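Notes follow the structure.
Throughout, read-outs are computed from the coordinates displayed, never taken from laboratory work. Keep in mind the model is a prediction, meaning the values are calculated, not measured. We place every Cβ from the backbone using ideal geometry, glycine too, and count neighbours over all the protein chains shown.
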Amino acid sequence: MKKVRALDFDGEYLGVISSKEVSEETRYAKQYCCLDPECGAKFHWKKSYKRDENTREVDPTFARNPSSEHREGCAYDYEAIASYRSDVSFMKEGKYFLRINFPMGSHFTDKNPRHGRFTRIQREAAIGNTGKKSVGSLEVMVKFLEGQFGSLEHPALDNLYLDYQGRSYPWSEVITEPDNYKRIYDAATAIDEKESSILAVVSPIYAIDRNRAGKARFQCAYQFATAAGHRVRLAPVLVAENDEIAAKIRSNMRGTFLVSARPFVPDFIQNRIGTPDNKGRNTQAYLHIIDQKQITPIDDSYWKEPKPAQMTLDLDFPAQPASKPKMK
Ligand SMILES: [Zn+2]
């Protein structure tokens, strides 16, 4: 557990504490209890340590005291969930992992490494041939998480990791809610490709021109974010690889979707941020959906207000060359 409830020895509640706020000196200063106030599970602090021939540091964590148990049905009882759903999930180093087998991003390097080779395990995971089951689409993942935890926003998901092709993605670092669209910009401009795949909550509001490759595109509602030191209206654009995906988006227009993608902000848009030229304009971030598995409608309650009441029609794409007919 990354966080627990801290109590003094008279049972007085002191607040939620993170494992990183505890040190060797203070580890015995408080009692550590499950985040569920109804639950009686007690924890102790475990300091960080090095593993894998000292190349990797394992974060400090809170481990359950074997003498105490979670209450029945406690959302923080990952051991129970992992044993009940051992087909798709497992525990490792005190963390809860869900095996997924849909592309985290749409980039070709998600299936083929940019440099060198994948290990056999990664290759088998990529083609879904590990002999282990996994969650095959975002839609199934949403059903699983809502079924186990009640909501995609349950604080227990802070301890969830997605396991894809032998890589682990902390849930708290890949899920991007509308009120944190800065992460889309950050992911689009990230240097480390591993860090740049995200799950984003978006709301498509209307179709825009197809791109030059003939792919349908949908403008999504914007949210304000601070990117590159400037306040910008960041508006995702969904690019649908095929017409089935486009139809799925059209069928829930103005609704809310979860998509997994690798965001892309073209240089000409990035260079404009903070300039007078960008005033009153949306900054578009493209999310390319190549596979149905990468997109699913979710409940509208996941959309964080304010949803812009009035959208500005300021479609700002490179002009189509006059010689090329506009694709329909
Ligand atoms: Zn508990």
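Looking at the range 175-302 only, what percent of DSSP beta bridges run antiparallel? Nearest 5 please. DSSP beta bridges in the range 175-302 are roughly 70 percent antiparallel. Pairs of Cα atoms nearer than 8 Å and 6+ residues apart set the relative contact order; for the range 175-302 it is 29 percent. When both the range 24-103 and the range 167-238 are represented by their alpha-carbon centers, they are found 31 Å apart.
Exposure proxy shown here: for 24, 153, the number of other Cβ atoms within 10 Å sets the order, fewest to most, as 24, 153.
Give 3/42; 215/293; 42/95; 50/95; 2/95 a once-over and call out the pairs whose C-alpha atoms are over 20 Å from each other. Those over the limit do not exist; all pairs fall within it.
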